[in-house]
Amino acid sequence: MVKTFQSLLILVLTGLLLPACRPVPTPMVVTQEVEKQVVVTQEVKVEKIVEVTPEPIGGDLILYSCLFDPDKLQVLFDAFKAQYGVNVTCLAMGSGEALERIRSEKDDPQGDVLFGIANVAHVSLAAEGLTLPYQGSGWRMLPEGPL
């Protein structure tokens, strides 16, 4: 009986230990380079190239930035001013501070753009009527209805 128990114990331990000692199988991944040929089925000729030069609009823009240090964005602000003539004032703050500031400015908004905050916060502000949607010139090119 003891011998049978010992044999059974050895079998169980062997069954547990052997799989743990086996080397981990490497996944079979085959990388193969494939040449791809592109066939042009239609040639399109450009009749006229139109260059668009934005007109300076001037003014001031107040940006509430919750993501970046304003000093790191200064090169963008300088380029924006050179192209559009708009002075950018960037106020760095945490997202909670930005939300409370926008809520406290409800009757007299001071900021123009909120940048670097979670989408859910934008949805919350929009539901409270504290933000306005921006529809740029490309907006009309988007398809109607659900995608």
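List of remarks:
- The ranking of Ile57, Ile49 by Cβ neighbour count inside 10 Å, starting from the fewest, reads Ile49, Ile57.
- Nearest-20 debye value, segment 60-132 charge dipole, Cβ charges on Lys, Arg, Asp, Glu: 160
- Based on Cα contacts under 8 Å between residues 6+ apart, segment 60-132 shows a relative contact order of 44 percent.
- Positive-end residue, segment 49-147 charge dipole about Cα centroid, Cβ charges, pick of Tyr84, Leu132, Pro143: Pro143
- Panel order for Ser137, Ser95, Ser104, by other beta carbons found within 10 Å of each beta carbon, from fewest to most: Ser137, Ser104, Ser95.
- Nitroxide proxy distance, nm - points 7 Å out along Cα→Cβ at Leu76 and Glu100: 2.6
- Once Rg and the Kirkwood radius are both taken over the C-alpha atoms of segment 60-132, their ratio Rg/Rh works out to 0.99.
Every number here is computed from the coordinates shown, using simple stated rules; none is lab data. A quick note: this is a predicted structure, and the numbers were derived from the prediction, not measured. Glycine gets a Cβ as well: all are built from the backbone with ideal geometry, and neighbour counts include every protein chain shown.
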